[in-house]
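Engineer: Dropping a structure here in structure tokens format, bear with me for questions.
The values are calculated or read from the model by the stated rules, or taken from the named source; none is laboratory data. Since the model is a prediction, treat every value here as computed from it, not as a measurement. No Cβ is skipped: glycine too gets one built from the backbone with ideal geometry, and neighbour counts run over all protein chains shown. Quick note on the areas: whole protein, heavy atoms, side chains included, nothing else; ligands and nucleic acids left out. Shrake-Rupley method; radii C 1.70, N 1.55, O 1.52, S 1.80 Å.
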Amino acid sequence: MSIENLKKSLPEYAKDQKLNLGTLTRTTELNEQQLWGSMLAAAAATRNEKVIAEIAEEAKEHLSDEAVEAAYGAATVMAMNNVAYRAKGWLGDDYAQVKFGLRMNIISKPGVEKADFELWNTVVSAINGCEHCLGAHAKTLTEEGLTKEQIWEAIKVGAVVQAVAQTVHIEAAR
């Protein structure tokens with residue numbers, strides 16, 4: 001199992017992440033697609049090749065091909081949007097009405113349920129640190145019927161996957 005490979009690769013100083021990773025993969029807050037799509041989108045957002053490969057291997061056992069593509073799509077479209085929306089915010093009111101002008105068709109046709117795709121966008125936005133996108137997607141999720149606990153569980157997935165990726169990166173540099 002690839003999550004097991006990641007857990008085994010973590011050194012003692014990252015024992016908390018090993019435990020967190022094990023706990024989150026047994027969540028009862030998220031359904032299987034929500035959990036594994038969150039894991040895969042988070043892995044892609046970390047940009048860590050080993051983490052992406054290990055999580056993708058196991059995620060493919062839990063997700064349809066369409067869901068795998070949608071999780072990667074969430075990571076890529078939010079990579080773009082998180083930069084652009086943060087920049088518009090930093091530039092201030094003078095840029096509020098400037099046409100966005102970037103394609104993001106996958107948001108309207110992701111190939112999976114809207115709530116699941118929005119959840120994955122939320123996870124990636126949390127990793128990328130975009131307050132605007134994080135808030136907008138969390139609001140949509142609430143409107144779609146997800147609870148705060150479900151949203152927070154997905155954000156925790158992103159946080160732990162990011163911490164695992166950082167640990168893997170540290171160990172590769174040591």
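Engineer: Please identify the pairs in which a residue from the stretch 59-83 that is charged (D, E, K, R) has its Cβ atom under 8 Å from the Cβ atom of a residue that is open to solvent by less than 50 Å² (accessible area, probe 1.4 Å), counting only partners at least 6 apart or on another chain.
Structural biologist: LYS60/VAL68; GLU66/VAL112
Engineer: What pairs come up if the first residue lies in the stretch 132-150 and is within 17 Å of MET78 (Cβ to Cβ), the second is acidic (Asp, Glu) and open to solvent by less than 80 Å² (accessible area, probe 1.4 Å), and their beta carbons are under 6 Å apart, counting only those six or more places apart or on different chains?
Structural biologist: Within 6 Å, the pairs are HIS137/GLU118; THR140/GLU118; LEU141/GLU118.
Engineer: Evaluate the stretch 11-23: report whether one residue or more is closer than 27 Å to CYS133 by Cβ and basic (Lys, Arg).
Structural biologist: No, that holds for no residue.
Engineer: Of everything in the stretch 44-89 that's in a helix (DSSP H, G or I) and acidic (Asp, Glu), which residue is surrounded by the most Cβ atoms within 10 Å (Cβ to Cβ)?
Structural biologist: Step one: filter the stretch 44-89 for residues in a helix (DSSP H, G or I), giving 44-46, 49-59, 65-89.
Narrowing further to those that are acidic (Asp, Glu): 49, 54, 57-58, 65-66, 69.
Working: GLU49: 13, GLU54: 22, GLU57: 13, GLU58: 19, ASP65: 9, GLU66: 11, GLU69: 15.
Within the stretch 44-89, the match that is surrounded by the most Cβ atoms within 10 Å (Cβ to Cβ) is GLU54.
Engineer: Just to check your reading of the model, which residue among MET1, MET39 is modelled with pLDDT under 95 and not β-branched (Val, Ile, Thr)?
Structural biologist: Working: MET39 fails: modelled with pLDDT under 95.
Step by step, each of MET1, MET39 is checked, and only MET1 is modelled with pLDDT under 95 and not β-branched (Val, Ile, Thr).
Engineer: For SER108, which of the numbered conditions (1) touching a helix residue (DSSP H, G or I) at 6+ places or on another chain (Cβ under 6 Å); (2) among the hydroxyl-bearing types (Ser, Thr, Tyr); (3) at pLDDT below 95 fails to hold?
Structural biologist: (1)
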